[in-house]
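Just below is one structure, and these are the notes that go with it.
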Amino acid sequence: MMNRWHVLKRLMPLLAGMVLLLSACGRADLSTLRPQGPVAEEQFGLMKLTILIMVLVVVIVFAIAVYVIIRFRRRPGDKSIPAQVEGNHKLEIIWTVIPIILLIILGVPTVKSVFGLAKDYTKDPNAVQVKVTAHQYWWEFEYPNLGVKTAQELMIPNDAIISIEAKTADVLHSFWIPSLAGKIDTNPGGNVNVMYFEAPKTGVYLGKCAELCGPSHSLMDFKVKVVDRASFDRWVAAMKNPVALPADAEVAELLNKQCLSCHAIGGNGGPAFPNLTGIGSRESVAGILMNTDQPQYKNEGTVKDNLIKWIEDPQAVKPGTLMPKVDLTKEQIEAISDYLAGLKLEY
């Protein structure tokens, strides 16, 4: 028994160091502890209140336990039997009333927030309306009042409420932007769930699927790009502009045959799979191949390089994706990738 205790004593500093080290892991754009909007801040406030109450209870309970263990321990040579107390009405009232008070302190702001955050802005003319459709393993964003549809990158202004109507095209998913708002499920069967949030700080935030949905669940990311109102209006206008097909007739034919049968570019193509309009301006390809050379990302490269990687073998990037491996030569893949990488939007 003593040997085990000595081993545990030696392991404690190591375990404490590991806890401290792991507590520093994570990303700023994937943390509910760094709220970047009023909805996230309100939810974070509830988290802090809950943690404060739990810490208070734990400290008091442990303090009482330690006091009792020390104060009423058996002394050497003491053979007497302690007084047998079978009940204490005063203590029973105290330990009943205190939890009730704590529950009220926690419950009142929680209920208030639950109903406050359940507001429906889908009919609000001043809110930006976005219909979110979850697919295995990508996200579709439609702006019904603006006549725009895109994928994998939610573009929003920083001066408006964002009203979300979320549904799924296949299995159960969950729409989640940790830094901006809580998560909301997208349930099969035509069910539509609503939520709202605001993002007053411009920047790029990470969104994820928060419900196990298949082999590439962990890779079902999307980006939220928050811009000022003028930039957002320019983006909307740019998304509506016609897009020219490749000047090279052979590449145009390949694009029409291999890509536009499923994807839309400008007014061309089909709506079944992610809209590729402006893909050259996006933060990522397929949601996870980052269009950057910043070293903190594992999957990074130029837009063209990422497109080549994706087209060559989609299953290697996202196992289970419905994107097939197309029968194209290396030169053909490079030509299509070069064209798609050039589809940039000015905003």
Worksheet item: For residue 166, are the conditions met, namely being out of contact with any Asp or Glu (no Cβ under 6 Å at 6 or more places or on another chain), small (Gly, Ala, Ser) and closer than 27 Å to residue 267 by Cα?
Response: yes
Worksheet, complete the sentence: Pairing a residue in the stretch 122-148 that is modelled with pLDDT of 95 or more with any residue that is aromatic (Phe, Trp, Tyr) and assigned to a loop (DSSP other than H, G, I, E, B), where Cβ atoms lie under 7 Å and the two sit 6 or more apart in sequence or on different chains, gives 127/121
Worksheet item: For the stretch 247-275, what are the residues that are assigned to a loop (DSSP other than H, G, I, E, B) and over 32 Å from the mean Cα position of the chain (by Cα)?
Response: 247, 248
Fill in: Scope the stretch 85-139; condition over 22 Å from the mean Cα position of the chain (by Cα) and of a type in the set (D, E, K, R); matching residues
86, 90, 92, 112, 123, 124
Worksheet item: Being free of Cβ contacts under 8 Å to residues at least 24 places away in the same chain and either touching a strand residue (DSSP E or B) at 6+ places or on another chain (Cβ under 7 Å) or in a loop (DSSP other than H, G, I, E, B) (or both), is that true of even one residue in the stretch 276-287?
Response: no
Fill in: Residue in the stretch 310-322 that is nearest to residue 134 (Cα to Cα), counting only those that are surrounded by 19 or more Cβ atoms within 10 Å (Cβ to Cβ) and aliphatic (A, V, I, L, M)
317
Worksheet item: Considering the stretch 247-260 alone, what residues qualify as being touching a residue at least 40 places away in the same chain (Cβ under 8 Å) and not acidic (Asp, Glu)?
Response: 251, 254, 255, 258, 259
Fill in: Filter pass, residue 73 being more than 24 Å from residue 193 (Cβ to Cβ) and in contact (Cβ under 8 Å) with a residue 60 or more places away in the chain
no
Practice prompt. State yes or no: is residue 70 over 45 Å from the mean Cα position of the chain (by Cα), in a helix (DSSP H, G or I) and loosely packed, with under 10 Cβ neighbours inside 10 Å?
Written response: yes
Item to complete: Filter the stretch 33-62 down to residues that are loosely packed, with under 12 Cβ neighbours inside 10 Å and of a type in the set (A, V, I, L, M, F, W, C) and give me whichever is farthest from residue 103 (Cα to Cα).
Response: 62
Response to the item:
Out of (1) of a type in the set (Lys, Arg); (2) surrounded by 14 or more Cβ atoms within 10 Å (Cβ to Cβ); (3) part of a loop (DSSP other than H, G, I, E, B), the one residue 325 does not meet is (2)
Worksheet, complete the sentence: Checked the stretch 227-246 for anything touching a residue at least 60 places away in the same chain (Cβ under 8 Å) and part of a loop (DSSP other than H, G, I, E, B); matches are 228, 243, 246
Worksheet item: Hey, residue 311 hits all of (1) part of a helix (DSSP H, G or I); (2) in contact with a strand residue (DSSP E or B) (Cβ under 8 Å, 6 or more places away or on another chain) but one; which does it fall short on?
Response: (2)
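The values are calculated or read from the model by the stated rules, or taken from the named source; none is laboratory data. Everything quoted here is computed from the prediction, not taken from an experiment. Here the Cβ is made from the backbone with ideal geometry for all residues, glycine too, and neighbour counts use every protein chain on show.
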